[in-house]
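Peer 1: Here it is, the structure in full.
The values are calculated or read from the model by the stated rules, or taken from the named source; none is laboratory data. Fair warning: this is a prediction, and the values are worked out from it, not measured in the lab. For neighbour counting, all protein chains shown are included, and Cβ atoms are generated from backbone atoms with ideal geometry for every residue, glycine included.
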Amino acid sequence: MIRLLLPALIAAALPAQNIINTTLVADEGTVDLGPGYTNEPARLYNNVLPGNVVRATEGDTLRVRLVNNLDENTILHVHGQPMRLGMDGTQRISRPETPPGQEFTYEFDDLAVGTYWYHPHSDNHHQLDGGMYGVFIVAPANPADDPVYDLEAVVALDEWNPMVTGGNFFGHVLNGKTSDGQAPITVSSGDKLRLRFVNVSARTNYVIALDGHQMTVTHKDGNRMQPVATDAIPIGVGERYDVIVDCTNPGVWSLAVSQLQNRNATVVRGVVRYQGETGPDPASTLVPTNLSSGQLMSYAQLASYWPSAHPITTSPDRTYPVALAVQPGPGGGTWTINNEAWPNVTPTDVSYGDIVQFDLTTSTPSPNHVHPMHMHGHFVQLMGTAGGTTHPPMMDTILIMPAGTPGDTWSCQWIADNPGTWLYHCHDMHHMMRGMMTVVSYDGDFDGDLIADAVDKEPTLSIPVAMISDNADEFRIGNSGELDFQWQPLESICVFASPFELPAPSPIPPYGDLRIDQNWIMFLGMTTFDSNGDGSLPYTLPNNAAMAGVRVYIQGVGSSASLGTPRLGTHQALVVTL
């Protein structure tokens, strides 16, 4: 019966919503960092550094097709966007990694407005450190929800390490260029310039300032703030700040960047040049007064532009300590949260709807021991700022300063409104890879599919979930593999394939969304789920070289006694390789 269902449902398909499509191809390449470093090896998206700026508007559905041309697995994480778990791009939690020669399409809806960035969240840390990153911008549906500005520029800050890339340049880059390789940001007198600062580095926390100008902070981590005028901004790994500059001081100015530990040395700089100014670029070593000794913005000054839907409370449902520490040892020691190091961690348990408080402290006193603590899938509200209890600033990354210095202790509250298991970690790559990572885990079964939220790959979608292996050998001609599925225990699923996917989902209420082209459907087989909700369908690829490059799209239809009707599942591409 279920095998006959898919063709029978096709006539009921409804018109699909408009979708924005973009493709990111992960591959080895070379980049021009600036004079003297014009052929530096790198790992890149679409062969550019940084990766292309991806733009969407609030209300859009964005589909990002990740194609892996590397010789190793990869995965894509959009940092800061509170998407559903299945699209979070964290291996072993949301989906398997994408192996060489394969692809995966990420779908983002209910997009949060603001400035974000994308990067691999892989054990292969050299991918991010080698150039695989880009900026993601979501414009508000109502332009009046943004501050007024005349032009904008993205400013992505990164360190460059030849021990990772295999090249020659060692230092820091701004938008993928050394100081000597910068193209100026050109403005006219009277302009309001919006700068979107993004720290995409693996390890370096920066300070940024514009010589001759103050900056007015308007957004932190994508979230709009009440305006704060300042001379310089500390920006930890993973943080984003949007600022407005009133261009009322004609000249040629240094957009100067230092490391957080030493504001007296410029490590890279951009250039802001007013129209008609013909003077030389500022020296790359110039340290503007704004950078070295100007007023440094602090979290304490921040307040949300809009009142909170969940004001800070004195009686959260759950309160957890987050104690950051390092245990001495080889290779830089073991970095811990509450005396535990990844992967041997105790999940932080929450229930849907909880107000959760984290009390963050650190016992690491070195100037280098700064911890940008990043929350996946949620924004947190910082306590103890100018926003008070009604306008606390929302963010996804909190910079914890060295023990014994201002900013070494912060508390935040957040709403448990996105079921699943979510990473919480320090975004300093060295600290994270050596243990400073844990998980938040929801109890319950939000979508009612009889799979606990803590292990559900799509805990907010009550549909079968398709997954392909992260083992590249399973897709070579003549080899065998299996398609994996997750759905209600002891139910069954019929699996179909098509060489074409639909350009947009075709909803078929109440069965779900048809995702593969009905004109080219082939039945692959049926399997039954075990008591944990896991199922697999074995396959063997023909031993025929002409099959190389063939792409098929897999989608299943799962039975469901509890729901009363079958459900169309997620879809997944599979590419045959040599």
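Peer 1: Give me the strands (runs of 3 or more DSSP E) completely within region 40-129, filtered to those with at least 2 residues that are modelled with pLDDT of 95 or more and more than 25 Å from residue 424 (Cα to Cα), ordered by residue number.
Peer 2: Values: elements: 40-45, 51-57, 61-68, 77-79, 103-108, 114-119.
Ranges flagged: 40-45, 51-57, 61-68.
Peer 1: Still on this structure, I have one more. Name the residues in region 372-397 that are over 17 Å from residue 218 (Cα atoms) and among the aliphatic types (A, V, I, L, M), would you?
Peer 2: The answer is 373, 375, 380, 383.
Peer 1: Sort through 191, 231 and tell me the only one that's more than 21 Å from residue 146 (Cα to Cα), of a type in the set (Asp, Glu) and modelled with pLDDT of 95 or more.
Peer 2: Selected residue: 231, the only one of 191, 231 that is more than 21 Å from residue 146 (Cα to Cα), of a type in the set (Asp, Glu) and modelled with pLDDT of 95 or more.
Peer 1: Here is a follow-up. Of everything in region 242-254 that's in a strand (DSSP E or B) and touching a residue at least 60 places away in the same chain (Cβ under 8 Å), which residue is surrounded by the most Cβ atoms within 10 Å (Cβ to Cβ)?
Peer 2: 242
Peer 1: How many residues does region 126-144 contain that are in contact with a strand residue (DSSP E or B) (Cβ under 8 Å, 6 or more places away or on another chain), hydrophobic (A, V, I, L, M, F, W, C) and surrounded by fewer than 24 Cβ atoms within 10 Å (Cβ to Cβ)?
Peer 2: Total meeting the criteria: 6.
Peer 1: For region 147-199, how many residues meet the condition of being over 21 Å from residue 215 (Cβ atoms) and of a type in the set (Ser, Thr, Tyr)?
Peer 2: The total comes to 2.
Here's the yes/no breakdown for (1) more than 24 Å from the chain's Cα centre (by Cα); (2) hydroxyl-bearing (Ser, Thr, Tyr); (3) under 23 Å from residue 445 (Cα atoms):
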| position | (1), (2), (3) |
| --- | --- |
| 318 | yes, no, yes |
| 329 | yes, no, no |
| 335 | no, no, no |
| 342 | no, no, no |
| 377 | no, no, yes |
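Peer 1: Anything in region 386-436 that is aliphatic (A, V, I, L, M) and in contact with a Pro (Cβ under 8 Å, 6 or more places away or on another chain)? List them, or say none.
Peer 2: 398, 399, 400, 403
Peer 1: Out of 408, 428, report the one residue that is crowded, with 22+ Cβ neighbours inside 10 Å and at pLDDT 95 or above.
Peer 2: Result: 428 is the single residue among 408, 428 that is crowded, with 22+ Cβ neighbours inside 10 Å and at pLDDT 95 or above.
Peer 1: Right, something else. So how many residues does region 308-345 have that are part of a loop (DSSP other than H, G, I, E, B) and either loosely packed, with under 11 Cβ neighbours inside 10 Å or without any contact (Cβ under 8 Å) to a residue 24 or more places away in the chain (or both)?
Peer 2: 8
Conditions tested, residue by residue: (1) in contact with a helix residue (DSSP H, G or I) (Cβ under 8 Å, 6 or more places away or on another chain); (2) farther than 18 Å from residue 125 by Cα; (3) in contact (Cβ under 8 Å) with a residue 40 or more places away in the chain.
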| residue | (1), (2), (3) |
| --- | --- |
| 64 | no, yes, yes |
| 75 | no, no, yes |
| 82 | no, yes, yes |
| 86 | no, yes, yes |
| 91 | no, no, yes |
| 99 | yes, no, yes |
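Peer 1: Give me the residue from region 355-375 that is outside any strand (DSSP E or B) and within 24 Å of the chain's Cα centre (by Cα) and, out of that set, surrounded by the most Cβ atoms within 10 Å (Cβ to Cβ).
Peer 2: 370
Peer 1: Among the residues in region 399-408, are any without any contact (Cβ under 8 Å) to a residue 60 or more places away in the chain, in contact with a Gly (Cβ under 7 Å, 6 or more places away or on another chain), in the same structural domain as residue 355 (by TED's automatic domain parsing) and assigned to a loop (DSSP other than H, G, I, E, B)?
Peer 2: The answer is yes; a qualifying residue exists.
Peer 1: Of the conditions (1) in a loop (DSSP other than H, G, I, E, B); (2) surrounded by 14 or more Cβ atoms within 10 Å (Cβ to Cβ), residue 507 satisfies every one except a single condition; which number is it?
Peer 2: (1)
Peer 1: Can you tell me which residue among 448, 387 is at positive phi and not charged (D, E, K, R)?
Peer 2: When all the criteria are applied, what remains is 448.
Peer 1: Further question on the same structure: Quick one: in region 443-501, which of the residues that are part of a helix (DSSP H, G or I) and among the charged types (D, E, K, R) is surrounded by the most Cβ atoms within 10 Å (Cβ to Cβ)? Let's see the steps before the verdict.
Peer 2: Filtering region 443-501 for residues part of a helix (DSSP H, G or I) gives 472-475.
Within this subset, residues satisfying the condition of being among the charged types (D, E, K, R) are 473-474.
On the way: 473: 11, 474: 19.
In this case the residue turns out to be 474.
Peer 1: Within region 535-550, track down each residue that is without any contact (Cβ under 8 Å) to a residue 60 or more places away in the chain and exposed (fewer than 15 other Cβ atoms within 10 Å of the Cβ).
Peer 2: If the condition is that a residue be without any contact (Cβ under 8 Å) to a residue 60 or more places away in the chain and exposed (fewer than 15 other Cβ atoms within 10 Å of the Cβ), then 538, 546, 549 are the ones that fit.
Peer 1: Given the structure, is residue 60 within 28 Å of residue 160 (Cβ to Cβ), acidic (Asp, Glu) and outside the structural domain of residue 270 (by TED's automatic domain parsing)?
Peer 2: no
Peer 1: Of all the residues that make up region 205-240, how many are out of contact with any Leu (no Cβ under 8 Å at 6 or more places or on another chain) and under 26 Å from residue 170 (Cα atoms)?
Peer 2: Looking only at that region, the number is 3.
Peer 1: Just the residues that are hydrophobic (A, V, I, L, M, F, W, C) and surrounded by fewer than 19 Cβ atoms within 10 Å (Cβ to Cβ), please, taken from region 261-270. Before the answer, list the steps.
Peer 2: Our first condition is that a residue be hydrophobic (A, V, I, L, M, F, W, C); within region 261-270, this holds for 265, 267-268.
Result: 265, single match.
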